[in-house]
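Engineer: First the structure, which I've put down as structure tokens, then a few questions once you've had a look.
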Amino acid sequence: MSRPGTRPPGPAKARTLSSRLWLERQARDPFVLAARREGWRSRAAFKLAQMDERFHLFATGRRVVDLGAAPGGWSQVAALKVGEMGRVVAVDLLPVDPISGVVILEMDATAEETLVAIRAALGGPADMVLSDMATPATGDRSIDHLRVMALCAQALDVAAALLRPGGAFVTKVLKGGADRDLLVAIKRAFGDVRHVKPPASRQDSREVYIVAQGFRAPR
Ligand code: SAM
């Protein structure tokens, strides 16, 4: 994922057709332009803000974990919404530039030691676990799908380990294919589960989000 304001790689004539089309689309995209104008690190910030508008996910003082946080748009939104009394822990394989009020862990969200580090940084059970984790697209739809769904399953494990009863989980999934088992597991763990396509999510992308609320802590 490129950061707004960074230069595209290589001279214009060396660009492939797909990267040229991508650059043209970025230049026209109203959410890319708004993110630059308003200082959000990614257009993805609008997706989380739109889900919050619809589901009232945040409140001041909440503890929030953001998995797959780079470059930091969701964490910026979360930090703003939970305020100084809240706590946001951002996790990514990639570095994330500092964000006021956010503890940043440059770690693999799926590793056991990361769970220990998140717990230490949170200082109590999480009210919400967010996952926008994704791997770079391979071009092979079925491989991309399996990878995103595997990350989603791992994010669910992290959420189940960290959430307080009644807590919430928001995760990216891809439309179609083998996500039935995962959906069953999410429905078992949460009282209210919705699929959402926020307006800022590109209409031609297969990405959708699951907003799961009312975590049922295992007895
Ligand atoms: N929500 C972010 C924002 O608003 O700026 C954008 C997230 S970007 C779409 C997906 C991120 O998931 C990438 O930065 C990638 O490094 C991260 N990611 C993928 N696998 C991961 C893993 N196992 N652990 C931590 N982060 C991971």
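Engineer: Carbon and sulfur together cover what percent of the accessible area of segment 42-215 at a 1.4 Å probe radius?
Structural biologist: Heavy-atom surface of segment 42-215 belonging to carbon and sulfur, 1.4 Å probe: 54 percent.
Engineer: Mean residue ellipticity at 222 nm from the helices of the chain, using -39,500 (n - 2.57) per DSSP H segment of n ≥ 4 over the full residue count, to the nearest 500 deg cm²/dmol?
Structural biologist: -12500 deg cm²/dmol
Engineer: Please list, ordered by chain and number, the residues whose modelled amide H lies under 5 Å from the amide H of residue 63; skip anything fewer than 5 residues away on the same chain.
Structural biologist: Those qualifying (amide H under 5 Å, at least 5 residues apart or on another chain) are 87, 127, 128.
Engineer: Provide the packing ranking of 192-199, 85-92, i.e. peptides ordered by the mean count of other C-beta atoms within 10 Å per residue, highest first.
Structural biologist: Going by the mean number of other Cβ atoms within 10 Å, highest first, we get 85-92, 192-199.
Engineer: Counting only DSSP beta bridges with both residues in the chain, what percent are antiparallel, rounded to the nearest 5?
Structural biologist: Antiparallel bridges make up about 40 percent of those DSSP assigns within the chain.
Engineer: Does a label point 7 Å from the Cα of residue 56, set along Cα-to-beta-carbon, have any residues of segment 166-209 with amide nitrogen under 16 Å, and which are they?
Structural biologist: Under 16 Å, as judged by backbone N against the label point of residue 56, lie 167-168, 192 of segment 166-209.
Engineer: I would also like to ask the following. Rolling a 1.4 Å sphere over the protein heavy atoms, what is the accessible area per residue of the chain, to the nearest Å²?
Structural biologist: 53 Å²
Engineer: Obtain the nm distance between the two label points defined at residue 175 and residue 205 by a simple spin-label model: each point lies 7 Å from its Cα along the Cα-to-C-beta direction.
Structural biologist: 1.4 nm
Engineer: Something else: With all protein chains present and a 1.4 Å probe, how do 21, 48 order by accessible area, largest first?
Structural biologist: Greatest to least solvent exposure: 21, 48.
Engineer: Please give the charge dipole size of the chain, origin at the Cα centre, charges +1 on K and R Cβ atoms and -1 on D and E Cβ atoms. Round to the nearest 20 debye.
Structural biologist: With only Lys, Arg, Asp and Glu charged at Cβ, the dipole is about 660 debye.
The values are calculated or read from the model by the stated rules, or taken from the named source; none is laboratory data. Here the structure is a predicted model, which is why all the values come from computation and not from measurement. Here the Cβ is made from the backbone with ideal geometry for all residues, glycine too, and neighbour counts use every protein chain on show. Just the protein is used for accessible areas: all its heavy atoms, side chains included, with ligands, DNA and RNA removed. Shrake-Rupley method; radii C 1.70, N 1.55, O 1.52, S 1.80 Å.
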